[in-house]
Structures are given as structure tokens and as C-alpha cells.
Amino acid sequence: MTSTDSWIHDLAGVHPGDRIEVWDQHHPRHTGTVSQVAAHLGVLWEREASSGLPKLIPAQEYRLRHTPTAPTAQAA
């Protein structure tokens, strides 16, 4: 699941409301929801899922990818 195709290489493809994983080398650090993106500065703000705290993420210091989403249940 750590295929290089899934890594975010450009913050222009990241938007508020996106769920992302933040990785430090080969280890996941946290998961959360993007609240703001400053692609021109190479940073984004994420609300951490486990604590609810906002975190400033400098994209050049981490590896980022969108969190896989579970399929939604459909009404029968």
C-alpha cells in the first residue's frame, strides 16, 4: 500500500476536506482532514483525526497521500 503512485507530489491536488496520511520516511505519523492549503508555500493545515488538534504540515519534510476511503453502503 506504499506504492509510489499514491504519494502526493503537488499540493495543487490537495483541497480542504481531503483526508490525508502523513508519513515520516517509512512510518505513518498521523491521519487527518485538510483544513487549509497554501500550495505556493508548500504547507497545509490538517486537523488530526485522533486528537482533533490542528497541525501545520510542511510538505517537503513528509510524504503525503490521500487516505483510502471505505465504500459507502448503498440502500437496497
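Looking at A38, A12 in this structure, which one is more than 11 Å from the chain's Cα centre (by Cα) and open to solvent by less than 40 Å² (accessible area, probe 1.4 Å)?
The conditions single out A38.
Just one of the numbered conditions (1) open to solvent by 50 Å² or more (accessible area, probe 1.4 Å); (2) under 11 Å from the mean Cα position of the chain (by Cα) is not true of E21; which one?
Failing condition for E21: (1).
Being at negative phi, of a type outside the set (S, T, N, Q) and open to solvent by 90 Å² or more (accessible area, probe 1.4 Å) is the requirement here; does L53 meet it?
Yes.
The values are calculated or read from the model by the stated rules, or taken from the named source; none is laboratory data. Computed from a predicted structure; not experimentally measured. Only protein heavy atoms, including side chains, enter the accessible area calculation; ligands, DNA and RNA are left aside. Shrake-Rupley method; radii C 1.70, N 1.55, O 1.52, S 1.80 Å.
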